[in-house]
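The values are calculated or read from the model by the stated rules, or taken from the named source; none is laboratory data. The structure displayed is predicted, hence computed values, not measured ones. Cβ placement follows ideal geometry from the backbone for every residue including glycine, while neighbour counts extend to all protein chains displayed. For the accessible areas, the whole protein counts, side chains as well, though only heavy atoms, and no ligand, DNA or RNA atoms are used. Shrake-Rupley method; radii C 1.70, N 1.55, O 1.52, S 1.80 Å.
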Amino acid sequence: QVQLVESGGGLVRPGESLKLSCAASRSISTIYFMGWYRQPPDQARELVASITSGNNIKYADSVRGRFTVSRDNAKNTMDLQMNSLKPEDTAVYYCRSILNSRNFWGQGTQVTVSS
């Protein structure tokens, strides 16, 4: 089992940056899949970026080139650097991991991009 806690959300203006962090309650070195998802208001949750233990990285088309996902096995964290933020990036952002075929989710952190 693993508990995930997101942090770093907030209110920013278009074009600004934010860095989200997901802290795990145990070592992530053996967790194959970790990912960031987001759920805009009244929309379905969607994958933003994912990273495996072998550093295989995937991005949604809408964020590629603007967002960067990384994981630090020494700190048991996964980060999401978000640059050039747009109003359509407004959502609750969730951290997810898959461990022993079970899904674990964090509680989410709100990101609002507005002028």
Counting only residues that are modelled with pLDDT of 95 or more and more than 11 Å from S97 (Cα to Cα), which one in the range 44-55 is surrounded by the fewest Cβ atoms within 10 Å (Cβ to Cβ)? A44
From the list S70, S84, S62, pick out the single residue that is open to solvent by 20 Å² or more (accessible area, probe 1.4 Å) and in a strand (DSSP E or B). S70
Could you please let me know if V48 is within 11 Å of the chain's Cα centre (by Cα) and β-branched (V, I, T)? yes
Looking at (1) closer than 17 Å to T109 by Cβ; (2) open to solvent by 40 Å² or more (accessible area, probe 1.4 Å); (3) among the polar types (S, T, N, Q), can you tell me which one T30 breaks? (1)
Pick from the range 87-112 the residues that are aliphatic (A, V, I, L, M) and closer than 21 Å to T30 by Cβ: which of them is least open to solvent (accessible area, probe 1.4 Å)? L99
Under the condition of being in contact with a Phe, Trp or Tyr (Cβ under 7 Å, 6 or more places away or on another chain) and not in a strand (DSSP E or B), which residue from the range 44-59 is nearest to G8 (Cα to Cα)? R45
